[in-house]
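S.K.: First the structure, which I've put down as structure tokens, then a few questions once you've had a look.
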Amino acid sequence: MNREDFPMISDKLIYFDNGATTLKSNSVINSMIDYYSKFTSNIHRGDYDAALMTNELYDSARDTVREFVNAKDSEVIFTSGTTMSINYLVTSFMKNHLKKGDVVLLNKAEHASNVLPWFRLKEEIGIEIEYIPLTEEFEIDLDSLEKMINNKVKVISIAHVSNVIGDVRDIKSISKLCKSNNIYLCVDGAQSIPHMSVDFDGLGIDFLSFSAHKMIGPTGVGCLVVRRELSKDMKPIFLGGGMNLDFYNDGSYELHSDETRFEAGTPPIGEVIGLREAILYLEKIGMDKIHKYEVELKKYLVSKLEKNNKIIMYNKTSHSGILSFNVDGVFAQDVSIYLNKHNICVRAGNHCAKLLDEEIGVSNTVRVSLYFYNTKEEIDKLVEVLDNDNILREVI
Amino acid sequence: MDENLKRDIIIDNYQNPMNKELIDDSSYLKVNQASESCIDNLDFMMKIEDNIVKDIRFDGEACAISTSASSIMIRSLIGKDIDYVKKLLTNYKNMIEEKDYDKELLGELLVYDTISKQPNRIKCALVPLEAINKMLEELDEKKI
């Protein structure tokens, strides 16, 4: 749907790498061109018309995000993306609130950005990391999770939708466990926010991270949404202009009371404006409609690929637009290079989930990740070119 | 070389690679060759005695080009002295980088003589070369 709004879409290109980044709509691109060509100015400084316009768009972007994820009494901090958001919450909050021996629960399907910051915290303050077991379908085993809860467990940090398996985690149930056991719940929304309706307040999330570029927005910007009662205890990592009220000769200083205290220096203004436009665009289609359509597309893809006995699929049933597979006898990257010869963009590799290979028994897969602008006709083309006994021969 | 023959040789070496199995032997030099730009990740081990390459082995996950190149290179180098090995590696690198090289020396490795036309494959073809070079450097350091 809405293919005409995306300038990169054409009959000559099939873009199935939406888990990595998505295409950008004309509305998003134009909103940024307007900022850079018609009203470039810094925020919260100038008294001229262009600056007032920029202020309005930048500030309203924060409210747009707040409404989009339903985080009424929470702070929305602009970051460079999901990775920075998770690093930020670990460094500015967890490092000051956890102590040696406290347990953080992760799982082996997590992306590097939700693993490595915790690894370093372990090095720095001696937290313990434990992994929630995965089921045979490589999804989170809630029964096992419940049994892992004890008074040492202080954090569960988890992707809402895993970027390799594409399973939608039951955040509501996990959140209930967290609430009744005083556990902080950190949700990586990089693969959920762009594709489905996410209710921050309703799900009971404490920290939510996501990126604009995976939801038709620009690179370089993302969000960290934090419940206000927690964000008041977060220490800004960066200090400088735009975040202080005043500072004095005796070395004391006062910070802003709103989210700008976490956004020292000139933020990515054009990109925040682009993110705002992206959300307005997605809302116009409707997140439930997007999710339903993607799940339908994936089912179609799976049903078609099932007829090809050379295809090994790893996550046929997960409820999202992500399918990971291999072609028997052909290395994942060779498949990806072969598909490029047919102008089909997919991703090959471990998809930054380097602990997952122990679970699924293969290090590398081909990943097709769908978005609302993909079509059944594009899937037919993929299925057709994969129905070829000479892939290896044609790729070398 | 005929393009179809090249493909046959590459596929044969990908599907039935020479010495694609590591062994537990501390007398071997060892190196991991993982690419930062692609997903190839291979371990290599090499045994040198009296200046002669006695054995080279490898294992791991890698594409058709780097796997086959490792297999062909291993076959070309076992039993040769180190001076010859270095000369062959230099000529192989020159071929991949479109510089002058000695065709006679490279034998079956000539299947990659046009790989430079596929820029995303150049690094794959260089995986075994870099691994063996690293092990030779390690050997030189040991001698010093």
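Coordinate-derived values only; no laboratory data. Source: prediction; values computed, not measured. Methodologically, a virtual Cβ is constructed for each residue, glycine included, from the backbone with ideal geometry; neighbour enumeration extends over all protein chains shown.
S.K.: Between the stretch A:1-28 and the stretch A:300-343, how far is it from one alpha carbon centroid to the other, in angstrom?
M.R.: 21
S.K.: Report the extension gain between A:Lys376 and A:Ile237 in nm, rounded to one decimal, defined as 0.36 nm multiplied by the number of residues separating them, less their alpha carbon distance. Present the calculation step by step, with values, prior to reporting the outcome.
M.R.: Working: separation 139, 0.36 × 139 = 50.04 nm, distance 4.63 nm.
The span from A:Lys376 to A:Ile237 would gain 45.4 nm if fully extended.
S.K.: To continue, here is another question. Mind listing which GluC sites (Glu not before Pro) in the stretch B:29-103 are in a DSSP loop and have 10 or fewer other Cβ atoms within 10 Å?
M.R.: Hits after loop and neighbour filter: B:Glu36.
S.K.: For chain B, restrict the atom set to alpha-carbon positions and state the Rg and Dmax in Å.
M.R.: Rg, Dmax (Cα atoms, Å): 14.4, 46.
S.K.: Follow-up. Which residue fluctuates most in the GNM of chain B (Cα springs below 10 Å): B:Leu89, B:Leu109, B:Leu22?
M.R.: Comparing B:Leu89, B:Leu109, B:Leu22 in a Gaussian network model of chain B, the most mobile one is B:Leu22.
S.K.: Can you give me the angle between helix A:332-341 and the longest principal axis of chain A, using Cα atoms only, in degrees from 0 to 90, rounded to the nearest 10?
M.R.: That helix lies at roughly 80 degrees to the long axis.
S.K.: Provide the FRET efficiency to the nearest 0.05 for the A:Asn42-A:Asn2 pair, computing r from the beta carbons and using R0 = 41 Å. Intermediate values should be presented prior to the final figure.
M.R.: Working: r = 33 Å, r/R0 = 0.82.
Efficiency at R0 = 41 Å is approximately 0.75.
S.K.: Dividing the convex hull volume of the Cα atoms of the stretch A:26-284 by its residue count, what figure in Å³ per residue is obtained?
M.R.: 128
S.K.: Using +1 on the beta carbon of Lys and Arg, -1 on that of Asp and Glu, and nothing else charged, what's the dipole of the stretch A:286-395 about the Cα centre, debye to 20?
M.R.: That gives a dipole near 220 debye.
S.K.: When chain A is modelled as a GNM with alpha-carbon springs shorter than 10 Å, which of A:Gly220, A:Gly242, A:Gly361 fluctuates the most?
M.R.: Result: A:Gly361 has the largest fluctuation of those listed.
S.K.: So, one more: Let me know the charge dipole size of the stretch A:26-284 about its Cα centre in debye, to the nearest 20, where only the beta-carbon of Lys, Arg (+1) and Asp, Glu (-1) is charged.
M.R.: The dipole of the stretch A:26-284 has a size of about 440 debye.
S.K.: Please list 3J(HN,Hα) in residue order for the stretch B:125-133, calculated via the Karplus relation 6.51 cos²θ - 1.76 cosθ + 1.60 where θ = phi - 60°; whole Hz, with x for glycine and proline.
M.R.: 5, 8, 3, x, 4, 5, 5, 5, 4
S.K.: When only alpha-carbon atoms count, how far does the stretch A:14-167 stretch along each of its three principal axes, as whole angstroms with the largest first?
M.R.: Dimensions of the stretch A:14-167 along the principal axes of its Cα atoms: 58, 43, 28 Å.
S.K.: By how many degrees, 0 to 90 and rounded to 10, does the Cα axis of helix A:269-285 deviate from the longest principal axis of chain A?
M.R.: Computed tilt is about 50 degrees.
S.K.: Given a Förster distance of 51 Å, report the FRET efficiency between A:His256 and B:Asp102 from their Cβ-Cβ distance, rounded to the nearest 0.05.
M.R.: Efficiency, rounded to the nearest 0.05: 0.15.
S.K.: If you don't mind, another one. If I take all pairs of Cα atoms in the stretch A:236-356, what percentage of them are more than 19 Å from each other? Don't skip to the answer; put the middle values down first.
M.R.: On the way: 5077 of 7260 pairs.
In whole percent, the long-distance tail amounts to 70.
S.K.: Just want to confirm a number: the relative contact order over chain A, from Cα pairs under 8 angstrom separated by 6+ residues, in percent.
M.R.: Working: 741 pairs, mean separation 89.1, N = 396.
Computed value for chain A: 22 percent relative contact order.
S.K.: Also, I was wondering about something else. If one computes P(r) from the Cα atoms of the stretch A:203-289, what percent of pairs lie at distances over 20 Å? It would help to have the intermediate numbers written out before the result.
M.R.: Details: 1853 of 3741 pairs.
Result: 50 percent of Cα pairs exceed 20 Å.
S.K.: Sticking with this one: Pick from A:Lys214, A:Lys108, A:Lys235: which is most flexible by mean-square fluctuation in a GNM of chain A where alpha carbon atoms under 10 Å apart are linked?
M.R.: A:Lys235
S.K.: May I pose another question? Going toward the positive end of the dipole of the stretch A:222-337, with +1 on Lys and Arg Cβ and -1 on Asp and Glu Cβ, which of A:Leu239, A:Ala332, A:Val272 do you reach last?
M.R.: A:Ala332
S.K.: Hey, another quick one. Based on the Cα gyration tensor of the stretch A:1-89, what are the three equivalent ellipsoid semi-axes, each the root of five times an eigenvalue, rounded to whole Å and given largest first?
M.R.: Calculated on Cα positions only, the semi-axes equal 28, 21, 12 Å.
S.K.: By count of other Cβ within 10 Å, fewest leading, how are A:Arg227, A:Arg3 ordered?
M.R.: Placing the least packed residue first, the sequence is A:Arg3, A:Arg227.
S.K.: Which pairs in the list A:Lys72/A:Lys298; A:Lys108/A:Lys299; A:Lys12/B:Lys93; A:Lys24/A:Lys122; A:Lys122/A:Lys179 are over 30 Å apart, alpha-carbon to alpha-carbon?
M.R.: Cα-Cα > 30 Å for A:Lys72/A:Lys298; A:Lys12/B:Lys93; A:Lys24/A:Lys122; rest within.
S.K.: Of all trypsin sites (Lys or Arg not before Pro) in the stretch A:238-314, which ones are in loop regions per DSSP and have a Cβ with at most 14 other Cβ atoms within 10 Å?
M.R.: Those that pass, being in a loop and sparsely packed, are A:Lys307.
S.K.: At 0.36 nm per residue, and after removing the present C-alpha to C-alpha distance, how many nm does the segment from A:Thr266 to A:Lys316 gain when stretched out fully?
M.R.: 13.5 nm
S.K.: Measure nothing fancy, just the Cα-based angle from helix A:171-180's long axis to the longest principal axis of chain A, in degrees from 0 to 90, nearest 10.
M.R.: 40
S.K.: Still on this structure: Where the centre of each part is set by its Cα atoms, how far does the stretch A:165-217 sit from the stretch B:40-112, in angstrom?
M.R.: One Cα centre to the other: 50 Å.
S.K.: Just the ratio, please: alpha-carbon radius of gyration of the protein assembly as shown over 2.2 N^0.38 Å, N its number of residues.
M.R.: Working it through for the protein assembly as shown, the quotient is 1.11.
S.K.: Report, in deg cm²/dmol and to the nearest 500, the calculated mean residue ellipticity at 222 nm for chain B, where each DSSP H run with n ≥ 4 adds -39500 (n - 2.57) and the sum is divided by the residue count.
M.R.: The per-residue figure over chain B is -16000 deg cm²/dmol.
S.K.: Quick one: order B:Val127, A:Val295, A:Val335 by neighbouring beta-carbon count within 10 Å, fewest to most.
M.R.: A:Val295, A:Val335, B:Val127
S.K.: Take every Cα-Cα pair in the stretch A:286-395 and report what % of them are more than 18 Å apart.
M.R.: Result: 48 percent of Cα pairs exceed 18 Å.
S.K.: Take the Cα pairs of the stretch A:136-217, get the Kirkwood Rh, then feed it into Stokes-Einstein at 4 °C and 1.567 mPa s and tell me D in µm²/s.
M.R.: 98
S.K.: Where does chain A land at 222 nm, in deg cm²/dmol rounded to the nearest 500, when only DSSP H runs of n ≥ 4 count, each adding -39500 (n - 2.57), divided by all residues?
M.R.: -10500 deg cm²/dmol
S.K.: Restricting to the stretch A:26-284, what percent of DSSP beta bridges are antiparallel, rounded to 5?
M.R.: Within the stretch A:26-284, antiparallel bridges account for around 50 percent of the total.
S.K.: Can you grab the distance from the C-alpha centre of the stretch A:254-292 to the C-alpha centre of the stretch A:32-62, Å, no decimals?
M.R.: The two parts, judged by their Cα centres, are 14 Å apart.
S.K.: Here is a follow-up. Given N residues in the stretch B:32-90, what is its alpha carbon radius of gyration divided by 2.2 N^0.38 Å? Mind showing how you got there, number by number?
M.R.: Values: Rg = 12.2 Å, N = 59, 2.2 N^0.38 = 10.4 Å.
Compared with the compact-globule rule of thumb, the stretch B:32-90 sits at 1.18.
S.K.: Now for a separate question. Using the basic label-point model (7 angstrom from Cα toward the beta carbon), what is the A:Asp328 to A:Phe119 distance in nanometres?
M.R.: Here the modelled spin labels are 3.5 nm apart.
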